[in-house]
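What follows is a set of notes on a single structure, which appears directly below.
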Amino acid sequence: MTAVVVLAVGGVGAWIYQDLNDNINSADVDDKLGGDRPENLSPGSKNILVVGSDSRDGANAKYGKDLTTMQSDTLMVLHIPADRKWAAVVSFPRDSWVEIPACEMGDGKTSSPHKAKINEAFAIGGTSGEVAEAAACSIKTVEAHTGLRIDHFMSVDFSGFKGMVDALDGIEVCPEQAIKSDKARLNMEAGCQTVDGETALGYVRVRYGVGDGSDIGRIGRQQEFMNALVKKAKGKLTSPSSLYGFLQSATKSLTTDPDLAGIQPIYGLADELKGIPSDRLAFLTVPNYPREADVPTDKANVVWQYPQAANLFTSLAKDKEMTKAQLQAAVKDLVYASQVRVQVLNGTGVSGRAGEVAEKLRKAGFTVTGTGNAPQTVAKTAVTFPTGLEKQAAVLSSRLPEARSAASADAAAGVVTLVVGPDLDVKELD
């Protein structure tokens, strides 16, 4: 939600309140990210990881005390291009089934890499309640799976979100059906209505009992709400008193990296964005589908849709605009990983490499038809396929960005063939 703060403040005058600086907490993550990080492919652009913290400390305690560690209720990346003419907010479904890398846990221990929901990264890093470790683990996870270099992070908690809404005298929402949820502390009628901060928090958090009960549905409500909040903030925060109340709520709930920890750097960032028109601010969701399609026993998680997800990340990494309409058109062409039949051949000369890669592919949901040795060793990993399997080959190739991919008249019928070369980092398949 803090991405909204940045964009909203950019639409008002240069009110800088020195006393607000002390409200913003700083957490340094640089020494916790390691050296294996993506390159910045677009100098001048910025990627800001935004975490909605599900902490139950302090003013948030009434939302439940059963959590033993920090949680990320919302996870997004705000991409700001070098030319500052557009921007994109990319939401990550918190049920995304991904590999969580080894992370510092804040108690002298380091977690082991393992598969889990993506929001678990914040909880693992925040085992001891330190935002720095929590944010670092989320950054490492997002970077590993997107190839985006994260430049900054922001974490905002429940109480700050409510205060921002109340400072704007509420936000109008238009639920298509009545919503009642004891867990989200929510009881709303259907139809358009202006909600205060308490109700707004329930509205953006509620999941079960609304629509299909999915996290994807909740993300849609969150994005619509943020868009409405940005528009109202730009129009309403024109007086010192209203702006001050808004920033008090925002900054008291805010933790950032040291470079953003202050009113001046946050206002400077917002000032860069104030000229972006509303129709060039895209709210996007990582393309995904239920993991049940690949693993019938998993009815609780989603996996990212390839090659669409990879194309989205590549576009942002190269600072190319991706609109919501473009992404929606792309995701209609859906091929499950389980629909991709793959044979894996070892072209490295190293015994067992084909089996190792095949096991990774099976865990990722692919249908591996067999393994073997390539006719000869190769220098580069390659994907070949017969005519008619272009879409299936694209799903596999997008998981192996360095691999060469081409149709071949000599390719085995009915399968996509992966010839493993010495250049393949097996971790890319996690």
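The values are calculated or read from the model by the stated rules, or taken from the named source; none is laboratory data. Since the model is a prediction, treat every value here as computed from it, not as a measurement. Note: ideal-geometry Cβ built from the backbone for every residue, glycine included; neighbour counts use all protein chains shown.
List of remarks:
- Pair list, Cβ < 7 Å and 6+ apart or interchain, from region 379-403 residues that are in the same structural domain as N311 (by TED's automatic domain parsing) to residues that are surrounded by fewer than 21 Cβ atoms within 10 Å (Cβ to Cβ) and part of a loop (DSSP other than H, G, I, E, B): none
- Across region 165-220, the qualifying residues are those that are hydroxyl-bearing (S, T, Y) and modelled with pLDDT of 90 or more, and the one among them that is farthest from T285 (Cα to Cα) is T194.
- Extreme residue, surrounded by the most Cβ atoms within 10 Å (Cβ to Cβ), among residues of region 119-131 that are in contact with a helix residue (DSSP H, G or I) (Cβ under 8 Å, 6 or more places away or on another chain) and either at pLDDT below 90 or within 13 Å of G108 (Cα to Cα) (or both): G125
- Residue count for region 40-54, restricted to those that are in a strand (DSSP E or B) and closer than 17 Å to N119 by Cα: 6
- Residues that are crowded, with 16+ Cβ neighbours inside 10 Å and out of contact with any strand residue (DSSP E or B) (no Cβ under 7 Å at 6 or more places or on another chain), drawn from region 357-366: K360, A364
- Unmet requirement for R149, which otherwise passes all of (1) charged (D, E, K, R); (2) part of a loop (DSSP other than H, G, I, E, B); (3) at pLDDT 90 or above; (4) closer than 25 Å to R291 by Cα: (4)
- At least 2 residues being polar (S, T, N, Q) and closer than 30 Å to I100 by Cα is the threshold, and among the strands (runs of 3 or more DSSP E) wholly inside region 231-327 those reaching it are 254-256.
- Yes/no for D169 being touching a residue at least 12 places away in the same chain (Cβ under 8 Å), surrounded by fewer than 21 Cβ atoms within 10 Å (Cβ to Cβ) and not in a helix (DSSP H, G or I): yes
- Residue identified as touching a Lys or Arg at 6+ places or on another chain (Cβ under 7 Å), closer than 27 Å to K46 by Cβ and not charged (D, E, K, R) among A282, A270, A228: A282
- Residue within region 279-290 that is over 27 Å from I118 (Cβ atoms) and among the acidic types (D, E) present: yes
- Residue selected from region 285-299 under the condition β-branched (V, I, T) and under 19 Å from V142 (Cα atoms), by the criterion surrounded by the most Cβ atoms within 10 Å (Cβ to Cβ): V286
- Some residue of region 282-289 being in contact with a Phe, Trp or Tyr (Cβ under 6 Å, 6 or more places away or on another chain) and of a type outside the set (D, E, K, R): yes
- Region 387-413 - residue that is part of a loop (DSSP other than H, G, I, E, B) and among the hydroxyl-bearing types (S, T, Y) and, of those, nearest to T146 (Cα to Cα): S398
- Region 1-39, subset part of a loop (DSSP other than H, G, I, E, B), surrounded by fewer than 17 Cβ atoms within 10 Å (Cβ to Cβ) and touching an Asp or Glu at 6+ places or on another chain (Cβ under 8 Å), residue modelled with the lowest pLDDT: A14
- Any hit, region 345-362, residues being assigned to a strand (DSSP E or B), closer than 16 Å to A411 by Cα and modelled with pLDDT of 95 or more: yes
- Filter pass, V383 being among the β-branched types (V, I, T) and closer than 15 Å to V420 by Cβ: yes
- Of all the residues in region 414-429, those that are assigned to a loop (DSSP other than H, G, I, E, B) and either of a type in the set (K, R) or closer than 14 Å to Q392 by Cα (or both) number 2.
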